[in-house]
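One structure below.
We did not get these values from a lab; they are worked out from the coordinates using the rules stated. Bear in mind that the values here come from a model prediction, so they are computed numbers and not experimental data. Cβ placement follows ideal geometry from the backbone for every residue including glycine, while neighbour counts extend to all protein chains displayed.
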Amino acid sequence: MKTLKLILFQAVCISFGILVLVGAVGVINHFLGDDTMVFAWYQPISYVFCGLLGAIATLVLQNLDKLSLKQLVVRVVFHCLLLYAAVAVCGYVFKWYSNLYGFIGVSLGFFVIYGFVWLATGYFTKMDEKEINAALNDIRDAD
């Protein structure tokens with residue numbers, strides 16, 4: 001159940017990050033006078049689909065306890081490249097970009113969202129650990 005919770009949490013974070021990034025680009029384009037941002041009917045669901053694909057790639061990072069530092073680095077790099085490939089393919093299939101500059105923009109957005117999801121996951125993991133430790137302390141105090 002913990003793995004499913006992590007995948008769903010990251011899917012929501014990735015989808016939210018994409019929506020925030022698209023919204024920010026829309027606001028910037030509006031203030032620059034380029035008010036031509038339009039969406040195809042499938043764009044919002046494509047963000048959710050990409051979020052789920054990205055979250056499933058998190059399974060590569062399971063069971064890291066007994067790995068050497070080199071193996072850990074290889075897994076993290078593989079995870080990042082797998083996610084980048086998923087985003088690039090989704091971007092091509094769902095027409096998020098149409099030229100090299102669009103691809104570069106999607107790539108920059110990927111790294112911003114990737115960092116955001118890592119920070120959010122770390123923050124909420126720490127919060128869960130604090131809740132568990134507080135509950136254990138309460139149980140010890142009751143004894």
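Values as computed for the structure displayed
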item: Equivalent ellipsoid semi-axes - Cα gyration tensor, the chain, angstrom; result: 35, 19, 13
item: The stretch 1-105, relative contact order in percent, only Cα pairs under 8 angstrom and at least six apart counted; result: 30
item: Point-to-point label distance, THR121-ALA24, nm (Cα→Cβ direction, 7 Å offset); result: 2.0
item: Cα centre as origin, Lys/Arg/Asp/Glu Cβ charges: the chain dipole, Debye; result: 480
item: Whichever lysines have a C-alpha closer than 28 Å to that of LYS2, once near sequence neighbours (fewer than 8 apart) are set aside; result: LYS66, LYS70, LYS126, LYS130
item: Unpaired by the 4.7 Å Cβ criterion, cysteines found in the chain; result: CYS13, CYS80
item: Under the span-like rule (Cα at least 27 Å along the axis, Kyte-Doolittle mean at least 0.0), DSSP H helices of the chain; result: 2-31, 69-93, 100-142
item: Full-extension gain in nm, VAL76 to GLU129, via 0.36 nm per residue minus C-alpha separation; result: 16.8 nm
item: Prolate/oblate/rounded label for the stretch 1-53 (Cα gyration tensor, a/c 1.5); result: oblate
